[in-house]
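The values are calculated or read from the model by the stated rules, or taken from the named source; none is laboratory data. Model, not experiment: these values are computed from the prediction. Here the Cβ positions follow ideal geometry from the backbone for every residue, glycine too, while neighbour counts run over all protein chains shown. Please note that ligands, DNA and RNA were not included when accessible areas were found on the heavy atoms of the full protein model with its side chains. Shrake-Rupley method; radii C 1.70, N 1.55, O 1.52, S 1.80 Å.
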Amino acid sequence: QVQLVESGGGLVQPGGSLRLSCVVSGFVFRLLNMDWYRQAPGKERELVATITSIRTTNYADSVKGRFTISRDNAKHTVYLQMNSLNPEDTAVYYCSLVEGNSRHWGQGTQVTVSS
């Protein structure tokens, strides 16, 4: 069964940290590039970070130096470590992958940064 399941979101104060996880099933995980996207209220979904199958990483300018994407192929899991969070990071975070001509999405996990 094809599935992407995110977890780890929640409410955090400005300056705090969260680690998101996404467990992937139904794919040959180790061969796939993995993405984290986010969508804030009233805004378009944006790409936050990418990790390739050979562990090359890329980040949006807005999160560089604060967020770290990583993967554990044995656990079929991709992570997003988020540090120094600020209210502008509030959004629903989605993991995603492309296989063939199709992009697949998880259900999303809410991250709220507020005091």
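Could you report the stretch 24-115's accessible area per residue, 1.4 Å probe, as an integer in Å²?
Heavy-atom accessible area per residue stands at 52 Å².
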*Modelled label-to-label distance, Thr52 and Gln107, 7 Å Cα→beta-carbon offset: nm?*
3.3 nm
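Taking the Cα centre as origin and putting +1 on Lys and Arg beta-carbons and -1 on Asp and Glu beta-carbons, what dipole magnitude results for the stretch 43-115, to the nearest 20 debye?
On the way: 8 positive and 7 negative charges, 38 e Å.
So the dipole magnitude of the stretch 43-115 works out to roughly 180 debye.
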_Once neighbouring chains are kept in place and the probe is 1.4 Å, which whole percent of the accessible area of the chain is contributed by carbon and sulfur?_
47 percent
*Arranged from highest to lowest average of other beta-carbon atoms within 10 Å per residue, in what order do the peptides 24-34, 69-79 appear?*
69-79, 24-34
*Proximal charge balance of Ala40 [Cβ under 10 Å; K/R count +1, D/E count -1]*: -1
_Relative contact order of the chain, please, whole-number percent, based on alpha carbon pairs below 8 angstrom and at least 6 residues apart._
36 percent
_Table column - 3J(HN,Hα) (Hz), the stretch 4-15, Karplus curve with 6.51, -1.76, 1.60, x for Gly and Pro_ = 10, 10, 8, 7, x, x, x, 9, 9, 6, x, x
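What net charge do the residues around Val92 carry, taking every other residue with its C-beta under 12 Å from that of Val92, with Lys and Arg at +1 and Asp and Glu at -1?
Spelling it out: positives minus negatives among the neighbours equals 0.
So if the hydrodynamic radius of the chain is defined as the Kirkwood radius over C-alpha pairs, what does Stokes-Einstein give as its diffusion coefficient at 37 °C and 0.692 mPa s, in µm² per second?
Values: Rh = 14.1 Å.
Value of D from the Cα-based Kirkwood radius: 233 µm²/s.
Treating the beta-carbon of each Lys and Arg as +1 and of each Asp and Glu as -1, no other charges, what is the dipole magnitude of the stretch 1-51 about its Cα centre, to the nearest 20 debye?
On the way: 5 positive and 4 negative charges, 15 e Å.
So the magnitude is around 80 debye.
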